[in-house]
Amino acid sequence: MSERAAPFFCPYCGDEDLRPSEAGHGSWECHGCRRAFQLKFLGLLSPAAAGGPSEGGNAVDRHDD
């Protein structure tokens, strides 16, 4: 699979003038602020780490009296 996911804007200046860099896979150049950066997929978060309810209860305890 040779397709790469492209960022929509520079994480530093917000400009949309991005081009793939020759530095390697996931490397991009912003021609707005002249910065180079790299994107890397680290993995998937567990549901608890992503802000989901923890095991054994709800995220919000509510008492109706």
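Residues being at pLDDT 90 or above and surrounded by 10 or more Cβ atoms within 10 Å (Cβ to Cβ) are represented in the range 1-9 by at least one member. Checking each residue in the range 34-47 for being loosely packed, with under 12 Cβ neighbours inside 10 Å and either of a type in the set (Lys, Arg) or assigned to a loop (DSSP other than H, G, I, E, B) (or both) picks out Arg34, Lys40, Phe41, Leu42, Gly43, Leu44, Leu45, Ser46, Pro47. Look through the range 14-32, keep the residues that are surrounded by 13 or more Cβ atoms within 10 Å (Cβ to Cβ) and in a loop (DSSP other than H, G, I, E, B), and return whichever of them is modelled with the lowest pLDDT. Only one residue tops the list, namely Gly26.
The values are calculated or read from the model by the stated rules, or taken from the named source; none is laboratory data. Just so we're clear, the structure is a prediction, and the values are computed from it rather than from any experiment. Cβ sites come from the backbone with ideal geometry, for glycine too, and all protein chains shown count toward neighbours.
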